[in-house]
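Participant: The structure follows.
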There are 4 protein chains.
Amino acid sequence: MHVTGTTPYPWPYDGDLGGPGTALLVVLPVGIDPPEATEPVASAVRAAGGKVIVVRTTAPAPGGHRLPGIPSEAAAGVADLDLTAGGVDGFYASDLDLVLRTGRVRRLLLTGVGLETCVHSTMRDANDRGYECLLVLDACVPIDPSLVAASVSSIEMSGGIFGAVGTSADVVTALSSRPEPVGVLT
Amino acid sequence: MHVTGTTPYPWPYDGDLGGPGTALLVVLPVGIDPPEATEPVASAVRAAGGKVIVVRTTAPAPGGHRLPGIPSEAAAGVADLDLTAGGVDGFYASDLDLVLRTGRVRRLLLTGVGLETCVHSTMRDANDRGYECLLVLDACVPIDPSLVAASVSSIEMSGGIFGAVGTSADVVTALSSRPEPVGVLT
Amino acid sequence: MHVTGTTPYPWPYDGDLGGPGTALLVVLPVGIDPPEATEPVASAVRAAGGKVIVVRTTAPAPGGHRLPGIPSEAAAGVADLDLTAGGVDGFYASDLDLVLRTGRVRRLLLTGVGLETCVHSTMRDANDRGYECLLVLDACVPIDPSLVAASVSSIEMSGGIFGAVGTSADVVTALSSRPEPVGVLT
Amino acid sequence: MHVTGTTPYPWPYDGDLGGPGTALLVVLPVGIDPPEATEPVASAVRAAGGKVIVVRTTAPAPGGHRLPGIPSEAAAGVADLDLTAGGVDGFYASDLDLVLRTGRVRRLLLTGVGLETCVHSTMRDANDRGYECLLVLDACVPIDPSLVAASVSSIEMSGGIFGAVGTSADVVTALSSRPEPVGVLT
């Protein structure tokens, strides 16, 4: 089974939406709340047996100073797990990869704030690490709206070099029509 | 001293072009030759005492199969070091970070083929790891020329979230006018 | 099914010796040949459908100089894959983790030269990364024979903090009595 | 200048105890307090301008469950920074390397609880990453006292394959006799 309408290929590549292994990453700069459009996706993922992980990212500043991660109230309501990374990439200097491996997660849905920045960096790295990735486009907030089209194109080139792109409605429909839970992140 | 004309800030941020610590990364998909425009930059870096590193990147394929890295003749002529990474990001599953740390490299000039893909992924990761990065734009070949402007914009946002952007002529001029070698990667 | 006689717990912990996911790591300092005692284990692993990976390790030297990895004739005969790491730990600055993930390997048998050094460092890291590890003691060569007992004790403490310890004969017997291949590293 | 009496070589290798770049790592299993013997070393490091970092480590448990890091009162008094890693190795799934790089730390003094386990794993990895390491032996608590001698021997073999070993009194003396601060971790 695939999520309908994903580009440039039907996601996930192997049609396996069932069984353990799907998580939603809500990727945010430290101090920023999740987009409201994340909520229906988070609910569908959780209802299907998956987990929702809020990933706080930090941009290197002059002199290397980093802001501490401050879990926000908004995220506290949506996240099963809330972690802070040491870079714009959510995998850098964090335990994100450990958490996903421990939970036997293989598929990632990505949403968040900073489509061109932290969401993109995290999706690029996730793809290198072998996760099957889907950007949920309408649940992502760009820094600069004029860069959305190019950000999507760079994911889709070469047959999906960094994964695929879809919409929250299609993700919710696909997850809701599955007869079995997609597994539990323990 | 800075490279002239870099955006969005004068690069490097601390004005330190002298002393040890500059390397040129020529980032390429496995099997692809370096762009010709790399040559003058490589010569200038080497004349100033820096090193030139060819970084072969690999895209995950269905089933996880990866192509082996095959050093090309063209790269053999330009590289002081030639390594192959396990992902689109040149740092992934490679010894690139080790090589740079061992050589006490702090500043990276980036060129290559795949501006939006492997060059961008490597620059994003390098920035998270604390390297001061400059994309040498006219020595980069995009996969899709219509995405160049957005790729540059996403580097420059937020005051240079992934580093700065400049031209090969300005880099060559800056490196050539330095009185002292910039150091040696041993 | 377990390998008989392993300490401090029956290995693997879940009794799953079948299906995909077992590999033999032969961990060696660069330039050193595998111990002869590796051969029967390698044959049994390969017959059961697993793969044999030679992991060359390098010790940091003054000034950071590293020896290049030179695949030896001896290893060429035993290895399905032969890779070189950037440290005493076979995972450091190498694509070992990528290779194991891509091949869906979950269980590691460890042999090699340098029981207290490179074999131990690689086993410690493998365990952190979630691999279920078994040291094949009689197929390991120590640098200092007087340290073998303590090296084994430090693996076994706290119920097997770094995995378990067994013998090549028991490993060969267990793998040979399995009715089905343990899977293929592609 | 060196710390007197270190084995198997005078530490640090380059005699540079001055200038920026020394930190004390107090490596502990989650929930365990620092050894009292850490205090004089911590004071000397801090007086010399260095920083004290408490590194909480976690052992993988069946099913991959990990205990959350709970900063203890004891550590709160001694640490400039208190972080939790995802493995027995303090670098695994943590921002320790980032913190050290950002602070331009090059030399590490290591103390803690679990000489053969978490302290040893962290020292091994630190050495691979290029840090110049000194185990402060009398400020380390072993899990099994009978393994101390072998743990020390495995560090010292091959001329110091994982660094050097010294005592807290010698470290305090060396740091206290320096005329200048050793630098600040910002």
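The values are calculated or read from the model by the stated rules, or taken from the named source; none is laboratory data. Since the structure is predicted, the reported quantities are computational estimates derived from the model, not experimental observations. Positions of Cβ are backbone-derived with ideal geometry, glycine not excepted, and every protein chain shown enters the neighbour counts.
Participant: Take the residues in the range C:134-149 that are assigned to a helix (DSSP H, G or I) and in contact (Cβ under 8 Å) with a residue 12 or more places away in the chain, then tell me which one is nearest to C:Leu175 (Cα to Cα).
Facilitator: Step one: list which residues in the range C:134-149 are assigned to a helix (DSSP H, G or I), which gives C:145-149.
Next, only the ones that are in contact (Cβ under 8 Å) with a residue 12 or more places away in the chain stay: C:147-148.
Numbers: C:Leu147: 29, C:Val148: 26 Å.
The extreme case among them is C:Val148.
Participant: D:Gly183 passes all but one of (1) closer than 21 Å to C:Thr117 by Cα; (2) modelled with pLDDT under 95; which number fails?
Facilitator: Every condition holds for D:Gly183 apart from (1).
Participant: Can you pull out the residues in the range B:92-117 that are within 9 Å of chain A (Cβ to nearest Cβ) and among the hydrophobic types (A, V, I, L, M, F, W, C)?
Facilitator: Passing the criteria: only B:Ala93.
Participant: Tell me which residues, restricted to the range B:4-34, are surrounded by 16 or more Cβ atoms within 10 Å (Cβ to Cβ) and under 16 Å from B:Gly49 (Cβ atoms).
Facilitator: B:Pro12, B:Leu17, B:Gly18, B:Pro20, B:Gly21, B:Thr22, B:Ala23, B:Leu24
Participant: Check off (1) modelled with pLDDT under 95; (2) closer than 17 Å to D:Arg124 by Cβ; (3) not small (Gly, Ala, Ser) for C:Asp95 and give me the number that stays unchecked.
Facilitator: (2)
Participant: Working only within the range C:149-166, note down all residues that are more than 9 Å from chain D (Cβ to nearest Cβ) and of a type in the set (A, V, I, L, M, F, W, C). Spell out how you get there, then give the answer.
Facilitator: Applying the first criterion (more than 9 Å from chain D (Cβ to nearest Cβ)) to the range C:149-166 yields C:152, C:155-156, C:159-160, C:163-166.
Selection gives C:Val152, C:Ile155, C:Ala164, C:Val165.
Participant: Picking from C:Gly130, C:Gly86, which residue would you name as being part of a loop (DSSP other than H, G, I, E, B), within 14 Å of chain D (Cβ to nearest Cβ), touching a helix residue (DSSP H, G or I) at 6+ places or on another chain (Cβ under 9 Å) and buried (at least 24 other Cβ atoms within 10 Å of the Cβ)? Walk me through how you get there before you give the answer.
Facilitator: Details: C:Gly130 fails: buried (at least 24 other Cβ atoms within 10 Å of the Cβ).
One residue alone meets the criteria, C:Gly86.
Participant: State yes or no: is C:Cys140 closer than 26 Å to A:Leu96 by Cβ, modelled with pLDDT of 95 or more and more than 10 Å from chain D (Cβ to nearest Cβ)?
Facilitator: On the way: closer than 26 Å to A:Leu96 by Cβ: no; modelled with pLDDT of 95 or more: yes; more than 10 Å from chain D (Cβ to nearest Cβ): yes.
No, not satisfied.
Participant: Same structure again: Going by the structure shown, is D:Arg66 at pLDDT 90 or above and of a type in the set (Lys, Arg)? First the steps, then the outcome.
Facilitator: Working: at pLDDT 90 or above: no; of a type in the set (Lys, Arg): yes.
So D:Arg66 does not fit the description; no.
Participant: Using beta carbons and a limit of 6 Å, which pairs, at least six apart or on different chains, have the first residue in the range B:39-62 and in contact (Cβ under 8 Å) with a residue 40 or more places away in the chain and the second one in a strand (DSSP E or B) and surrounded by fewer than 23 Cβ atoms within 10 Å (Cβ to Cβ)?
Facilitator: Taking only residues 6 or more apart or on different chains, the pairs are B:Ile53/B:Leu81; B:Thr57/B:Pro29.
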